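> Have a look at the structure that comes next, please.
The values are calculated or read from the model by the stated rules, or taken from the named source; none is laboratory data. Please read all numbers here as calculations on a predicted model, not as lab measurements. Note: ideal-geometry Cβ built from the backbone for every residue, glycine included; neighbour counts use all protein chains shown.
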Amino acid sequence: MTTADIFIALPMMLLAVGALLALLIGAVTRDDRIVVIIGVATTLGSALWLMQTPPALIAPALGLSASGMSRLFGGFFALLAAGVLSLSAGYNRERGITGEEYTATLLFATFGMLALSSATNLLTLFLGLEAMSFGFYILVAIDLKRAASGETGLKYLLPGALSAAFLAFGIALIYCVSGTLSIHEAVQLTLTVGRPNPVALAGWGCLLAGIAFKLSLVPAHLWTPDVYQGAPAPVTAFLSGGSKGAAILLLLFLLPQAADATILRIPLWGFAVLSMLVGNLAALLQNRVRRLLAYSSIAQMGYVVIALISGTGGGHKAAAYYAIAYGVMSLAAFGAIAALERSGSGETLDDYRGAGFRHPFASGVLLLALFSLAGIPPTTGFTGKFLIFTAAIRSGEIALAVIGILLAAVSLFYYLRVAVTLYSKSSSIHAGARPNYPEYLVLTAASTAILLLGLFPNALIRLLSHLLP
Amino acid sequence: MNHMPLLTLLLLLPLAGALLMIPLSGRERLARRLALSIALLETLLACSAWFCRGNQLSSAAPKGFFLFTDSPWIDSVGIRYTLGMDGISLLLVILTALVTVIAMLVSWRSINERVSLHYLLLLAMESGIIGVFLSLDLFLFYLFWELMLIPMFFLIAIWGHGRNIYSAIKFFLYTLFGSLLMLLAIIGIYLIHGSQSGSYSFGLAALTGTQLSPAAGLWLYAAFLLAFAVKFPIVPLHTWLPDAHTDAPTAGSVILAGLLLKTGAYGLIRFGYPLFPEAARTLTPFVIVLAVAGIIYASWIAFAQKDMKRLVAYSSVGHMGFVAMGIAVWTPVALSGAVLQMVNHGLTTAALFAMVGMLDERTHTRQIEDYGGLWGKIPLFSSFFVLFAMASAGLPGLNNFVGEFLILAGSFKEVPAATILAFVGVILPLVYTVRLIQEVIFQEERRTLPMPDLTTRELLLLISLALCDIYIGMHPAPLLDILKAPVALLTGGAP
């Protein structure tokens, strides 16, 4: 192992050590606080490490690299994990989710994300994605005291396993055609100019089907509402913000390498339109906030797919921007929901009635997140949608842009419905617990990020144009 | 001379004030006074801009502007922070500051819950509207264009009455639906200009003169027109307005009618026509037909209203039809008339909504049939009511007359038939206004209602509006002078 290998692998090793340490601590003390502190410390540590690693290192033996993208997204996922862990402390105590395995599993999932974001070959990519998913299979079902928990876990596990099989088979077929696992060459050789090899096409079909599940694109979206509803709120935040971001990143590693990706346009087009249509229309009918946000997330991923289709017009940049934006929005939205639920709020829209006056802070954050999801300026959601539509029009996808923007107008209705509910009159004056300090900290950071990325996106856009030319 | 601080200050002062309101929840008196002082300070600032109109700017600034500021913002996609003030913006910014003060005074007593939030929203909205009137970068403009909707949405949803949630959502959906298509059109013209010139920019000055194929120009302009027409509102896109007005709190109605409706007209003047002159000319007959139809239709509907607020709301639709016509004709006289009429309508309608709100506050009813005989009981109120109602109906010597006259005079040569029809639209408001005055003020009392006369606060507010109305009605020359240069530049003549 050379120094370069260690340099690159260190953030992952740090997470793995942190996870093991968390498990071992459990033998000494039952105080979950120490475990959480270890978790937050290791995630922040690896985020810091990623930011200061010298760029463009490659560790061929490990199939890892410290490219700009991997450092940006690895750091982002690690920070997201730190935020989620801090939120979980109070939430889990309230819900009676005890034990060090929560923190350890979350760290393992983050480990998977980091491995994925620094992968240079298809195998590492797959292993990273599955390590992450494996963590989530456990996390979504970790609330053992609730009967719905097991059902949630199973609903995520079964389609997840199917998608893993599709992904593995797709990668195998692509390997079969190209004879290499290196991402760049494998993609170049399979998505060629002119008519691609049918076996390679079958491989790409399987790959897209697998990713569609991870991104919950219609028609592979059926697990989403139940899992968003059933998982603990901080886990949902991580699932929504982190795992989807990782899946977008995976596509961003693959698609820009293609010599000619037009062959994928038709399936992606279908995914985009169906996801926006089904997600936005189904969200209109929801009465539970989390299910509503689940359908909204399906729709949001449709917009990301628009960006991926419009690669020639700068869409890859837009997709990367939106992945980060959506991560921040998810953290804010589900973090706020976690804070509201911890203080005793139910999950239907009726329970949220008047929450804006009982819990001004958490509701304010939720409101901001909703406006951002709806794409209203000056939030990051607006800037993201703006970049996506600009890319779409520039690459000639005008029909897609018009469909997208009309459905965005539809989506306003359900976001506003929640917003209004938060600030409508209610008879309940039960205030419940105030937010705790970690919640204040994380939610303030997330809201600040929503506004800063919306008002001053210049630095991030520049960085992304540099990384994804 | 660098005048950047004044425009930026105008934009940010209300926003800073809004942020100050956050820690003041529960301290109602302080919140009220602080908000009012900030709004008054903003009015002073806005008026101080009046004295900058002699400024000579460097050649970098677009012609006709006497205050201008420009700095890079999101330069990776060509978005700049460009603000500019010419005569049109100046009048509308002063109007904005004034109407916001009025809205605050009107809600002084009637808002008693969540006071600081209420003032926060009013101040945030003021910032958004001023931003719309000052932006010279399309992206920046769009940002403020949407930003000003959110406070209004919450004003209606939280403090409104009746079916306020329904109305708030209807208002938001209508206006945003149009705006989203405009966003696509903004991106469209940005890309077309970028691919032609090689430099991507959202600046109005850069985008003006982009070569567009007729079809592209028409589509893009149609998207802009849709967004502006909803705000205007031009019949048949007006249906959100009566609902929003009826269910909004008084302060909301005052700002909605006084200011938000003007943003649509302003957008058409500042962006719609200059960016797409050919498409605008193609669609002119269409807009004129809709405008005239709106004038007559809205006045017709206003006859049938039993609720005073709804009546004033429909009269707004009619008056804005005149503005639409003045803009569509696009001659110097008609355009100055249209801008002046925007100011006039803002002042008069704000006053009428404020007065209906005062009645509602006292008696908790807005039905015309519940009133009568106010002249004998509250003479002060009644005389102001008659004054503003007559101003709204276009009585010579009061402000609306000047605007309507200029619009009609400027249009007659271009579109005689439409002007004659619109002239009917001048008479119709007189009829329903006289009916309103007769039934509410002069007819004998129908129900005994508790009715104290105006308080000092209300009196002050009405006097200030009345002075503006009479001044503009008697001596509109200074305002028209200010409008001369920008209007001449817009319509293509020499200033």
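> Within segment B:105-117, does at least one residue satisfy the condition of being touching a residue at least 24 places away in the same chain (Cβ under 8 Å), within 11 Å of another protein chain (Cβ to nearest Cβ) and closer than 25 Å to residue B:184 by Cβ?
no
> Hey, another quick one. With B:44, B:91, B:95 as the choices, which residue is under 26 Å from residue B:251 (Cβ atoms) and in contact with a Lys or Arg (Cβ under 9 Å, 6 or more places away or on another chain)?
On inspection, the qualifying residue turns out to be B:95.
> Given B:100, B:43, which one is more than 14 Å from chain A (Cβ to nearest Cβ) and surrounded by 24 or more Cβ atoms within 10 Å (Cβ to Cβ)?
Only one candidate qualifies: B:100.
> Looking at (1) part of a helix (DSSP H, G or I); (2) within 14 Å of another protein chain (Cβ to nearest Cβ); (3) in contact with a Gly (Cβ under 9 Å, 6 or more places away or on another chain), which is the only condition residue B:80 fails?
Among (1) part of a helix (DSSP H, G or I); (2) within 14 Å of another protein chain (Cβ to nearest Cβ); (3) in contact with a Gly (Cβ under 9 Å, 6 or more places away or on another chain), the lone unmet condition for residue B:80 is (1).
> I would also like to ask the following. Can we say residue A:327 is more than 21 Å from residue B:176 (Cα to Cα) and assigned to a helix (DSSP H, G or I)?
Yes.
> Another question about this same structure. Mind listing whichever residues of segment A:382-404 are more than 8 Å from chain B (Cβ to nearest Cβ) and over 19 Å from residue B:141 (Cβ atoms)?
A:384, A:388, A:391, A:392, A:395, A:396, A:397, A:398, A:399, A:400, A:403, A:404
> Take the residues in segment B:279-318 that are in a helix (DSSP H, G or I) and of a type in the set (Lys, Arg); name whichever of them is nearest to residue B:222 (Cα to Cα).
Per the criteria, the residue is B:281.
> Here's a follow-up. Tally up the residues in segment B:158-167 that are at the interface with chain A (Cβ under 7 Å from one of its Cβ atoms) and in contact (Cβ under 8 Å) with a residue 12 or more places away in the chain, please.
1
> Still on this structure: In segment A:399-414, is there at least one residue being surrounded by fewer than 23 Cβ atoms within 10 Å (Cβ to Cβ) and over 30 Å from residue B:167 (Cα atoms)?
yes
> May I pose another question? Would it be correct to say that residue A:109 is among the aliphatic types (A, V, I, L, M), outside the structural domain of residue A:30 (by TED's automatic domain parsing) and in contact (Cβ under 8 Å) with a residue 12 or more places away in the chain?
Spelling it out, it is not the case that residue A:109 is among the aliphatic types (A, V, I, L, M), outside the structural domain of residue A:30 (by TED's automatic domain parsing) and in contact (Cβ under 8 Å) with a residue 12 or more places away in the chain.
> While we're looking at this one, here's another question. Please enumerate the residues belonging to segment A:409-418 that are under 23 Å from the mean Cα position of the chain (by Cα) and either touching a residue at least 40 places away in the same chain (Cβ under 8 Å) or more than 7 Å from chain B (Cβ to nearest Cβ) (or both).
A:411, A:414, A:415, A:418
> Taking into account only those residues within segment A:1-30 that are among the polar types (S, T, N, Q) and either outside the structural domain of residue A:100 (by TED's automatic domain parsing) or in a loop (DSSP other than H, G, I, E, B) (or both), which is nearest to residue A:115 (Cα to Cα)?
A:2
> If you go through segment B:194-215 one residue at a time, do you hit one that is in a helix (DSSP H, G or I) and within 9 Å of chain A (Cβ to nearest Cβ)? First the steps, then the outcome.
As a first pass, look at segment B:194-215 and keep what is in a helix (DSSP H, G or I): B:194-197, B:204-207, B:214-215.
Pick out the ones that are also within 9 Å of chain A (Cβ to nearest Cβ) and you get B:194-195.
Yes: segment B:194-215 contains one or more residues that are in a helix (DSSP H, G or I) and within 9 Å of chain A (Cβ to nearest Cβ).
> Can you tell me which residue among A:327, A:384, A:344 is touching a residue at least 40 places away in the same chain (Cβ under 8 Å) and surrounded by fewer than 24 Cβ atoms within 10 Å (Cβ to Cβ)?
A:344
> Please enumerate the residues belonging to segment B:368-410 that are under 26 Å from residue B:443 (Cβ atoms) and of a type in the set (D, E, K, R).
Result: B:369, B:370, B:377.
> May I ask you to verify whether residue B:171 is assigned to a helix (DSSP H, G or I), touching a residue at least 12 places away in the same chain (Cβ under 8 Å), surrounded by fewer than 21 Cβ atoms within 10 Å (Cβ to Cβ) and within 12 Å of chain A (Cβ to nearest Cβ)?
no
> Are there any pairs, at least 6 apart or on different chains, whose C-beta atoms fall under 6 Å, with the first in segment A:204-220 and at negative phi and outside the structural domain of residue A:190 (by TED's automatic domain parsing) and the second in a helix (DSSP H, G or I) and of a type in the set (Lys, Arg), and if so, which?
none
> For the structure I just gave you, tell me whether residue B:139 is at pLDDT 90 or above, away from every other protein chain (no Cβ under 11 Å) and in a helix (DSSP H, G or I).
Criteria not met by residue B:139.
> Which is buried (at least 22 other Cβ atoms within 10 Å of the Cβ) and outside any loop (DSSP other than H, G, I, E, B), of A:186, A:172?
A:186
> I would also like to ask the following. Step by step: first the residues of segment B:57-77, then only those that are within 14 Å of chain A (Cβ to nearest Cβ) and hydrophobic (A, V, I, L, M, F, W, C), then the one that is farthest from residue B:47 (Cα to Cα). Which residue is that?
B:77
> Against the conditions (1) on the phi < 0 side of the Ramachandran plot; (2) outside any strand (DSSP E or B), where does residue B:64 fall short? Just the number, please.
It fails just one condition, (1).
> Separate question: Residues of segment B:441-463 being crowded, with 16+ Cβ neighbours inside 10 Å and modelled with pLDDT of 90 or more, which ones?
B:458, B:461, B:462
> Every residue in segment B:425-477 that is closer than 30 Å to residue B:333 by Cβ and among the polar types (S, T, N, Q), please.
B:433, B:464
> What is the number of the single condition among (1) farther than 24 Å from residue A:411 by Cβ; (2) assigned to a helix (DSSP H, G or I); (3) at pLDDT below 90 that residue B:177 does not meet?
Evaluating residue B:177 over (1) farther than 24 Å from residue A:411 by Cβ; (2) assigned to a helix (DSSP H, G or I); (3) at pLDDT below 90 leaves (1) as the failure.
> Can you name the condition, by its number, that residue B:177 falls short on among (1) facing chain A (nearest Cβ under 9 Å); (2) surrounded by fewer than 24 Cβ atoms within 10 Å (Cβ to Cβ); (3) under 19 Å from the mean Cα position of the chain (by Cα)?
It is condition (3) that residue B:177 fails.
> How about segment B:142-157: which of its residues are assigned to a helix (DSSP H, G or I), touching a residue at least 60 places away in the same chain (Cβ under 8 Å) and either surrounded by fewer than 23 Cβ atoms within 10 Å (Cβ to Cβ) or more than 9 Å from every other protein chain (Cβ to nearest Cβ) (or both)?
Correct list: B:152, B:155, B:156.
> Something else about it: Scan A:360, A:377, A:438 and give me the residue that is crowded, with 19+ Cβ neighbours inside 10 Å, within 9 Å of another protein chain (Cβ to nearest Cβ) and not aliphatic (A, V, I, L, M).
The conditions single out A:377.
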